[in-house]
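Colleague: Before we start, here is the structure in question, set down as structure tokens.
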Amino acid sequence: MPHPLLVAPLREGTSFFVAQVRAIEADGTILAAATVSFHDVGSERRHGQQQLHTTAAPSPLPTPPSSPPPALRQMELPVTAWPVHRLRDDGTLCWMGWPGGLPSTGALEQWQQSAALAFLSEGAAFEGLQPGVLTYPHRHAVRTKMVTALDYTIHYHADPQPELGWVLVQLESPWAADGRAIIRLSIWSPEGVLLATATQEMLLRTARKEPKSESRAGQSKL
């Protein structure tokens with residue numbers, strides 16, 4: 001039996017619509033809640049609204065892997081391991097691939113591509129990229145005990161690409177303290193077009209690494 005969806009409009013204008021969507025069990029338990037925003041891009045462009053960018057792709061723009069992402073059979077879903085090529089040891093820049101590519105030739109495919117970008121941004125957590133970015137500067141002093149997502153927001157910026165294969169994922173953590181952390185992702189096309197940005201609040205549990213004793217340190221050198 002499908003879970004009922006409750007859609008409650010929050011704001012509505014001539015070119016935008018914002019609603020809260022909730023998936024609810026029969027007993028009233030809320031399974032998931034999302035705030036979804038739509039806007040009429042064509043209307044905004046007709047009124048002369050300019051595209052103003054405040055961020056730029058990494059320079060020089062890295063070259064994507066020469067081979068396309070490997071294909072994925074339907075039976076292998078859900079994905080738990082994404083094709084990833086790290087460009088930095090700290091995980092802040094990498095190529096991530098949507099398995100087998102995803103063509104975009106119509107409205108349905110546009111929604112599929114938006115969902116694929118969301119999966120890829122979430123895939124960064126499963127690949128250990130996000131926890132790595134959070135603690136890399138302190139890797140010699142602390143270890144990560146647990147990390148899990150709390151809130152997640154994604155914004156789409158560009159028209160769907162002809163085919164979604166490799167995308168460049170740039171991550172940063174502007175703040176982590178008191179058991180919480182913020183991760184920000186920028187997702188670029190191989191041509192340097194900003195496809196989406198995402199922000200995630202995460203629950204973070206760490207512990208200090210115990211210093212090695214002199215005897216153990218001495219034994220390790222033998």
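The values are calculated or read from the model by the stated rules, or taken from the named source; none is laboratory data. What you see is a predicted model, and the numbers here were worked out from it, not measured in a lab. Virtual Cβ from ideal backbone geometry, glycine too; neighbours counted across all protein chains shown. Each accessible area value is taken on the protein alone, full model and side chains, heavy atoms only, with ligands, DNA and RNA left out. Shrake-Rupley method; radii C 1.70, N 1.55, O 1.52, S 1.80 Å.
Colleague: Any residue that is at pLDDT 85 or above, surrounded by 19 or more Cβ atoms within 10 Å (Cβ to Cβ) and in a strand (DSSP E or B) - is there at least one of those in region 142-154?
Modeller: No, there is no match, as no residue in region 142-154 is at pLDDT 85 or above, surrounded by 19 or more Cβ atoms within 10 Å (Cβ to Cβ) and in a strand (DSSP E or B).
Colleague: For the structure I just gave you, tell me whether PRO78 is modelled with pLDDT of 80 or more, assigned to a loop (DSSP other than H, G, I, E, B) and under 19 Å from LEU120 (Cα atoms). Full working, then the answer.
Modeller: Working: modelled with pLDDT of 80 or more: no; assigned to a loop (DSSP other than H, G, I, E, B): yes; under 19 Å from LEU120 (Cα atoms): yes.
Considered against the rule, which asks whether it is modelled with pLDDT of 80 or more, assigned to a loop (DSSP other than H, G, I, E, B) and under 19 Å from LEU120 (Cα atoms), PRO78 comes out as no.
Colleague: Could you please find all residues in region 168-212 being of a type in the set (A, V, I, L, M) and without any contact (Cβ under 8 Å) to a residue 12 or more places away in the chain?
Modeller: Looking only at region 168-212, we keep the residues that are of a type in the set (A, V, I, L, M), and these are 168-169, 171, 176-177, 181-183, 185, 187, 193-196, 198, 202-204, 207.
Across region 168-212, the qualifying residue is only ALA177.
Colleague: Here are the criteria: (1) at pLDDT below 85; (2) part of a helix (DSSP H, G or I). Tell me which single one SER114 does not satisfy.
Modeller: Just one mismatch for SER114, condition (1).
Colleague: Follow-up. What is the residue count in region 160-202 for residues that are touching a helix residue (DSSP H, G or I) at 6+ places or on another chain (Cβ under 8 Å) and either not in a strand (DSSP E or B) or not charged (D, E, K, R) (or both)? Let's see the steps before the verdict.
Modeller: Going through region 160-202, the residues touching a helix residue (DSSP H, G or I) at 6+ places or on another chain (Cβ under 8 Å) turn out to be 160-161, 164, 167, 169, 171-173, 176, 181, 183, 185, 187, 195-196, 198, 200, 202.
Of the ones still in play, those that are also either not in a strand (DSSP E or B) or not charged (D, E, K, R) (or both) are 160-161, 164, 167, 169, 171, 173, 176, 181, 183, 185, 187, 195-196, 198, 200, 202.
Residues in region 160-202 being touching a helix residue (DSSP H, G or I) at 6+ places or on another chain (Cβ under 8 Å) and either not in a strand (DSSP E or B) or not charged (D, E, K, R) (or both): 17 in total.
Colleague: From THR105, THR135, grab the single residue that is outside any strand (DSSP E or B), open to solvent by less than 30 Å² (accessible area, probe 1.4 Å) and of a type in the set (Val, Ile, Thr). Can you show your working first?
Modeller: On the way: THR105 fails: open to solvent by less than 30 Å² (accessible area, probe 1.4 Å).
After applying the criteria, what remains is THR135.
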